[in-house]
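Peer 1: Supplied in structure tokens, the structure appears directly below.
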């Protein structure tokens, strides 16, 4: 049985990460040009346009769902993917391009990607931890079904060997 502090910690993680994403998603979805303007820039980073729409809507509505604890693992996975792209395809190349001679590549890289990298790790933690008992997932029984589904697949895979 999980302890209450686990559920409160997961709640704090969900709310904190969600609150950081909402302003970014809001500007992409409801800002000038809407999600189409954001998606039009995505091919510059060698990504398909549709991922721009996925990122914009994930950052806005996925963040709201994350705070509520609704479809938490899926929301967190989409947001982690968005942050992986932001960190490693957008910010990291820019940071390494203008590197000063003698500068530490590792330190400059980490300084450049610290925010998206931290959000990505937090989201991956939520993918692994789930939503906790203080969530819509728990209220609707979605967390138990998700865990049962993965246990069933794991058992089937072990039995198949």
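Bear in mind these aren't lab numbers, they're just calculated from the coordinates by the rules spelled out. Small disclaimer: the values here were computed from a predicted structure and weren't measured. No Cβ is skipped: glycine too gets one built from the backbone with ideal geometry, and neighbour counts run over all protein chains shown.
Peer 1: Does segment 23-65 classify as rounded, prolate or oblate by the C-alpha gyration tensor (a ≥ b ≥ c root eigenvalues; a/c under 1.5 gives rounded; else a/b over b/c gives prolate, otherwise oblate)? Intermediate values should be presented prior to the final figure.
Peer 2: Numbers: a/c = 2.68, a/b = 1.51, b/c = 1.77.
It is oblate, given that a/c is not under 1.5 and a/b is not larger than b/c.
Peer 1: Mind jotting down a quarter of the surface of the convex hull over the alpha carbons of the chain, in square nanometres, one decimal? Before the final figure, lay out each step's value.
Peer 2: On the way: hull surface 51.1 nm².
With the hull built on Cα positions only, its mean projection is 12.8 nm².
Peer 1: Quick check: the angle from helix 4-30's long axis to the longest principal axis of the chain, C-alpha only, nearest 10 degrees?
Peer 2: 40
Peer 1: Also, I was wondering about something else. State, as an integer percentage, the relative contact order of the chain based on alpha-carbon contacts under 8 Å between residues 6 or more apart. Walk me through the numbers on the way to the answer.
Peer 2: Values: 183 pairs, mean separation 42.6, N = 161.
After rounding, I find 26 percent.
Peer 1: Note the angle between two axes, namely the Cα long axis of helix 72-85 and the longest principal axis of the Cα atoms of the chain, as a number of degrees from 0 to 90, rounded to the nearest 10.
Peer 2: For 72-85 against the chain, the angle is about 20 degrees.
Peer 1: Can you classify segment 1-42 as rounded, prolate or oblate using the Cα gyration tensor, where a ≥ b ≥ c are the square roots of its eigenvalues, rounded means a/c under 1.5, and otherwise it's prolate if a/b beats b/c and oblate if not? Mind showing how you got there, number by number?
Peer 2: Details: a/c = 6.00, a/b = 3.81, b/c = 1.57.
It comes out prolate by the Cα gyration axes.
Peer 1: Also: Note the full-extension length gain between residue 3 and residue 105 as 0.36 nm times their separation in residues minus their Cα-Cα distance, in nm to one decimal. The partial results should precede the final answer.
Peer 2: Details: separation 102, 0.36 × 102 = 36.72 nm, distance 4.20 nm.
That pair, residue 3 and residue 105, stretches by 32.5 nm at full extension.
Peer 1: Oh, and also: On a 0 to 90 degree scale, rounded to 10, what angle separates helix 105-129 from the longest Cα axis of the chain?
Peer 2: In the chain, helix 105-129 runs at an angle near 20 degrees to the longest axis.
Peer 1: Here's another thing I want to ask about it. Can you give me the distance in nm between label points at residue 64 and residue 36, each placed 7 Å from the Cα along the Cα-to-Cβ direction?
Peer 2: Each label point is offset 7 Å from its Cα along the Cβ direction, giving 2.2 nm.
Peer 1: Spin-label point model (7 Å from Cα, Cβ direction): what's the residue 139 to residue 96 distance in nm?
Peer 2: Spacing of the two 7 Å Cα→Cβ label points: 4.5 nm.
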